[in-house]
Amino acid sequence: MIVTWRIGIRIAVIVVVTIVLQISFFSYLSFFGTTPNVIPLIVVSLGLLGGGMVGAVCGFASGLLLDSALLQTLGVSSLVLLSAGYLAGRYREGAEISNSLIPLLLAGALTTGAAAGFAAIQLMLGVRTPVSLLVLREIFVQGLLAVVLMIPIYPLIRWALRPAIVDDVAFRSARTPITAGASRPRRVRGRRMRRATGVSRP
């Protein structure tokens, strides 16, 4: 991803809108006793599109904004989301996404890991949180919800950042010379035919 100041503004808007939607809308939903969390999905999407550095920075910023908005212990969400974004970016840098299922499965795995890591850090910090099999079920359900929610989220983020994605830019620039050169032989053949038949162009 080619990060310019315009793309940076787009990424910032995406992160802020995601935090607002998570707090004001998604936090009030419940599926199978679990609240869906779209913040890791956005961070993973940005990591897959931009690489490890972009994913880590966006994950840290998202976690910091979330902790500040919810008055939580600063740094807990930042550490978890930073790790998720960096791992997604490193996967993108080391392997090619040749299957449309890869972003979905990767989002599910990293969301599950982020939820487990967040619970573990809270326990280490002495935050009172219930420890039971229900917590494990909630973490597992969050991973499944992440796979489902990633289906519309990843294409939407890719569309919003399309001008900066290297693969799309290279594809569009590669099509231009071919298209321009394809029309030349037709004009050349037309001139040769007119010369051979003796017909002049009006």
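Being of a type in the set (Val, Ile, Thr) and surrounded by fewer than 19 Cβ atoms within 10 Å (Cβ to Cβ) is a description that applies to Ile97. Confirm whether Ser77 is free of Cβ contacts under 8 Å to residues at least 60 places away in the same chain, surrounded by fewer than 15 Cβ atoms within 10 Å (Cβ to Cβ) and out of contact with any strand residue (DSSP E or B) (no Cβ under 7 Å at 6 or more places or on another chain). Considered against the rule, which asks whether it is free of Cβ contacts under 8 Å to residues at least 60 places away in the same chain, surrounded by fewer than 15 Cβ atoms within 10 Å (Cβ to Cβ) and out of contact with any strand residue (DSSP E or B) (no Cβ under 7 Å at 6 or more places or on another chain), Ser77 comes out as no.
Any read-out appearing in this document is the output of simple, stated calculations on the displayed coordinates, not a laboratory observation. Owing to the predicted nature of the structure, the values given are computational and were not obtained by experimental measurement. In this analysis, Cβ positions are derived from the backbone assuming ideal geometry, glycine residues included, and neighbour counts consider all displayed protein chains.
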